[in-house]
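Novice: First, the structure itself, so that you have it in front of you.
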């Protein structure tokens, strides 16, 4: 307990960022998520050489870790049980992502949509359904914003990564998460 607190304090004092735990990096998508937060969360910018030169003049090194965020569609409006059809409410929330994804197609990253299910149904069904949910979100951006299909991929993890482990059949487990990875 003392060591993480000390490391956090040192990082704050010296102005460096560090990656938070997984839960701290997940942002529930809602109307108040600003475009700037989406862009900096999915496509974080590393410090420029000019920034590093300024830091060196002040006696600091430029070794910043910029964590990526994962954005999660709220389960209560995204998908009905057993369905991969994206709700109109979910589409409204995703609309803010479209221009940002389109603008960052040449960023050197790829967007990954990760579909999840609750435990209702067989493992095979949940695997297929989670992939269909992720693909539904991917197709939304292709159809509505002209985002390149090769810039985005969809994967399904079934019920392997439950959001609420204490209630495995809960609707909060039915979701799609949006993240980015360096392109390979």
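Novice: Given the structure, is residue 173 buried (at least 18 other Cβ atoms within 10 Å of the Cβ), farther than 18 Å from residue 39 by Cβ, under 16 Å from the mean Cα position of the chain (by Cα) and touching a residue at least 12 places away in the same chain (Cβ under 8 Å)?
Specialist: Spelling it out, residue 173 is indeed buried (at least 18 other Cβ atoms within 10 Å of the Cβ), farther than 18 Å from residue 39 by Cβ, under 16 Å from the mean Cα position of the chain (by Cα) and touching a residue at least 12 places away in the same chain (Cβ under 8 Å).
Novice: Quick check on this structure: which one of 112, 147 is in a loop (DSSP other than H, G, I, E, B) and at pLDDT 90 or above?
Specialist: On inspection, the qualifying residue turns out to be 147.
Novice: Which one of 93, 86 is under 18 Å from residue 144 (Cβ atoms), in a loop (DSSP other than H, G, I, E, B) and modelled with pLDDT under 95?
Specialist: Of the residues listed, the single one that is under 18 Å from residue 144 (Cβ atoms), in a loop (DSSP other than H, G, I, E, B) and modelled with pLDDT under 95 is 86.
Novice: Additional query: Among the residues of region 144-162 satisfying the criterion of being loosely packed, with under 15 Cβ neighbours inside 10 Å, touching a helix residue (DSSP H, G or I) at 6+ places or on another chain (Cβ under 7 Å) and touching a residue at least 24 places away in the same chain (Cβ under 8 Å), which is nearest to residue 123 (Cα to Cα)?
Specialist: Out of the qualifying residues, it is 155.
Novice: How many of the residues making up region 97-109 are modelled with pLDDT of 95 or more and outside any helix (DSSP H, G or I)? Explain how you work it out, then say what you get.
Specialist: Residues of region 97-109 modelled with pLDDT of 95 or more: 97-105.
From what is left, the residues that are outside any helix (DSSP H, G or I) are 97, 104-105.
Selection size over region 97-109: 3.
Novice: Still on this model: Looking only at region 163-172, count every residue that is out of contact with any helix residue (DSSP H, G or I) (no Cβ under 7 Å at 6 or more places or on another chain) and within 19 Å of residue 29 (Cα to Cα) and tell me the total.
Specialist: Just the residues of region 163-172 that are out of contact with any helix residue (DSSP H, G or I) (no Cβ under 7 Å at 6 or more places or on another chain), to begin with: 165-170.
So of that shortlist, the ones also within 19 Å of residue 29 (Cα to Cα) come out as 170.
Within region 163-172, residues that are out of contact with any helix residue (DSSP H, G or I) (no Cβ under 7 Å at 6 or more places or on another chain) and within 19 Å of residue 29 (Cα to Cα) number 1.
Novice: So, one more: Can you find a residue in region 123-144 that is touching a strand residue (DSSP E or B) at 6+ places or on another chain (Cβ under 7 Å) and over 17 Å from residue 84 (Cβ atoms)?
Specialist: no
Novice: Right, something else. Is it the case that residue 71 is surrounded by 14 or more Cβ atoms within 10 Å (Cβ to Cβ), within 17 Å of residue 28 (Cβ to Cβ) and touching a strand residue (DSSP E or B) at 6+ places or on another chain (Cβ under 7 Å)?
Specialist: For residue 71, the condition - surrounded by 14 or more Cβ atoms within 10 Å (Cβ to Cβ), within 17 Å of residue 28 (Cβ to Cβ) and touching a strand residue (DSSP E or B) at 6+ places or on another chain (Cβ under 7 Å) - is met.
Novice: Further question on the same structure: Among the residues of region 105-132, write down those that are closer than 18 Å to residue 172 by Cα and under 15 Å from the mean Cα position of the chain (by Cα).
Specialist: Scanning region 105-132 gives 113, 114, 115, 116.
Novice: What do you reckon, is residue 141 surrounded by fewer than 22 Cβ atoms within 10 Å (Cβ to Cβ) and within 19 Å of residue 95 (Cβ to Cβ)?
Specialist: Working: surrounded by fewer than 22 Cβ atoms within 10 Å (Cβ to Cβ): no; within 19 Å of residue 95 (Cβ to Cβ): yes.
Considered against the rule, which asks whether it is surrounded by fewer than 22 Cβ atoms within 10 Å (Cβ to Cβ) and within 19 Å of residue 95 (Cβ to Cβ), residue 141 comes out as no.
Novice: With the checklist (1) in contact with a helix residue (DSSP H, G or I) (Cβ under 8 Å, 6 or more places away or on another chain); (2) over 21 Å from residue 134 (Cα atoms); (3) modelled with pLDDT under 90 in hand, flag the one item residue 35 doesn't pass.
Specialist: (3) is the only condition that residue 35 fails.
Novice: Checking the conditions here, which among 181, 165 is exposed (fewer than 14 other Cβ atoms within 10 Å of the Cβ) and assigned to a strand (DSSP E or B)?
Specialist: After ruling out the rest, the residue left standing is 181.
The values are calculated or read from the model by the stated rules, or taken from the named source; none is laboratory data. The shown structure was predicted, so the numbers you read here are calculated from the model rather than taken from an experiment. Reconstructed Cβ throughout: ideal geometry from the backbone, glycine too, with neighbour counts over all protein chains shown.
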